[in-house]
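Working notes, structure below.
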Amino acid sequence: MCSHYDPQTDPARLRTYFGVEDLPLGLKDSLWPGYHGPFVRKHEFADVGDEAVPFRELLVGSFGLIPHWSKDATIARRTYNARSETVHEKPSYRDAWRLARHCIIPAEAIYEPDWRSGKAVPTRITRADGKPMGIAGLWSVWKAPTSDVTHSFTMLTINADDHPFMRQYHKPDDEKRMVVILNEGDYDAWLAAPATASREFLRQFPADNMAGEQPQQSLL
């Protein structure tokens, strides 16, 4: 499960790889559950027929999905990852899944613990080709008791027991999991897909296009 990642916040890379602009300033460059970061969704008015409206839009939301019924935003500390096998039935995610509220989370890197040495060594995982990751997620919108509106998102995860790269991470006896990293050619299809087609996109990313880097001190 991914609870720590570096969001993609560089305007040039967001424009080049995700086709979006106008990212607010002041966002953190490393995120944990409850922090706010960027996500991409299908534009709210993409279907009105106005050519001036782009297909994708960039929003800022809480890392950790806040369902509409939540009493406060602290639930985000527990809803940052959604298991693809049960996402359709879990109360926190099932409405977003049913409504096909698909999003893409732009990430420069994710962090996972490598336990092969017998202890957890935090490892920074990136795409080997140098491109940012587009992680498949679900988004929601929550209205606080103060009437403030907050967007939020969660990353979808799949089993990685047989993945040549990601099976190296997490504790030896734990199930191996990985976030769903989309192929660039699937971005628009994912954002536009109905709920009945959602699972078609939940595939393992190629192991040969993933790279891990550990802190220098852990290698001594």
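Since every read-out is calculated from the coordinates, none of them should be taken as a lab result. Quantities reported herein were computed from a predicted structural model and do not represent experimental measurements. Positions of Cβ are generated from backbone atoms using ideal geometry, with glycine treated the same way; all protein chains shown enter the neighbour counts.
With the contact rule set at Cα under 8 Å and sequence spacing of 6 or more, what percent relative contact order holds for region 45-155?
Values: 182 pairs, mean separation 35.4, N = 111.
Over region 45-155, the number comes to 32 percent.
In vacuum, with every alpha carbon of region 10-167 counted as one equal point scatterer, what does the Debye formula give for log10 I(q)/I(0) at q = 0.11, 0.12, 0.17 Å⁻¹? Two decimals, please.
Log10 of I(q)/I(0), two decimals: -0.49, -0.58, -1.12.
Which residue, Phe45, Gly134, Pro164, has the largest displacement toward the positive end of the dipole of the chain when charges sit on each Cβ (Lys, Arg +1; Asp, Glu -1)?
Pro164
Tell me the label-point distance for the pair Val53, Ala189, using the 7 Å Cα-to-Cβ offset, in nm and rounded to one decimal.
With each label point 7 Å from Cα toward Cβ, the separation is 2.4 nm.
Which loop chymotrypsin sites (Phe, Trp or Tyr not before Pro) in region 31-89, with loop taken from DSSP, have no more than 11 other Cβ atoms within 10 angstrom of their Cβ?
On the way: sites: Tyr35, Phe39, Phe45, Phe55, Phe63, Trp69, Tyr80; in loops: Tyr35, Phe45, Phe55, Trp69, Tyr80.
Here the sparse-neighbourhood loop sites are Trp69.
Please arrange Cys103, Cys2 by counting, for each residue, the other beta carbons lying within 10 Å of its beta carbon, fewest first.
Working: Cys103 27, Cys2 21.
Taking fewest neighbouring Cβ atoms as first place, the list is Cys2, Cys103.
Using the 10 angstrom Cβ neighbour count as an exposure proxy, how do Ser152, Ser117, Ser84 rank, fewest first?
Details: Ser152 28, Ser117 10, Ser84 19.
If I rank by nearby Cβ atoms, fewest first, I get Ser117, Ser84, Ser152.
Work out, step by step, the length gained on full extension between Ser30 and Gln214: first 0.36 nm times the residue separation, then minus their alpha carbon distance; give nm to one decimal. Spell out each step's value before the answer.
Working: separation 184, 0.36 × 184 = 66.24 nm, distance 1.61 nm.
Gain on stretching Ser30 to Gln214: 64.6 nm.
Rounded to the nearest 20 debye, what is the charge dipole size of the chain about its Cα centre when +1 sits on each Lys and Arg Cβ and -1 on each Asp and Glu Cβ?
Numbers: 26 positive and 30 negative charges, 143 e Å.
Its charge dipole is roughly 680 debye.
Tell me the GluC sites (Glu not before Pro) within region 1-68 that lie in a loop according to DSSP and have at most 14 other beta-carbon atoms within 10 Å.
Working: sites: Glu21, Glu44, Glu51, Glu57; in loops: Glu21, Glu44, Glu51.
Filter output for region 1-68: Glu21, Glu44, Glu51.
What is region 5-219's relative contact order, in percent, from Cα pairs under 8 angstrom and six or more apart in sequence?
Once divided by the residue count of region 5-219, the mean separation gives 21 percent.
Starting from region 62-166, pick out the trypsin sites (Lys or Arg not before Pro) whose DSSP state is loop and whose Cβ has at most 16 other Cβ atoms within 10 Å. Let's see the in-between values first.
Values: sites: Lys71, Arg77, Arg78, Arg83, Arg94, Arg98, Arg101, Arg116, Lys119, Arg124, Arg127, Lys143; in loops: Lys71, Arg78, Arg101, Arg116, Lys119.
Passing sites in region 62-166 are Lys71, Arg78, Arg116, Lys119.
Using Cβ counts within 10 Å as a stand-in for footprinting exposure, how do Trp142, Trp32 rank, fewest first? The partial results should precede the final answer.
Working: Trp142 21, Trp32 14.
The most exposed by this proxy come first: Trp32, Trp142.
What is region 22-92 by shape, rounded, prolate or oblate, if you read a ≥ b ≥ c off the alpha carbon gyration tensor as root eigenvalues and call it rounded for a/c under 1.5, prolate for a/b larger than b/c, and oblate otherwise?
Numbers: a/c = 2.37, a/b = 1.39, b/c = 1.71.
Verdict is oblate for region 22-92.
Work out how much length Arg13 to Trp115 would gain on full extension: take 0.36 nm times their residue separation and subtract the Cα-Cα distance, in nm to one decimal. Don't skip to the end; give the middle numbers.
Working: separation 102, 0.36 × 102 = 36.72 nm, distance 3.23 nm.
Stretched fully, the Arg13-Trp115 segment lengthens by 33.5 nm.
Would you grab the residues whose amide H sits under 5 Å from the one on Gly61? Only those 5+ places off in sequence or on another chain, please, with H modelled 1.01 Å from N.
Here the answer is Gly37, Phe39, since their amide H atoms fall under 5 Å of that of Gly61.
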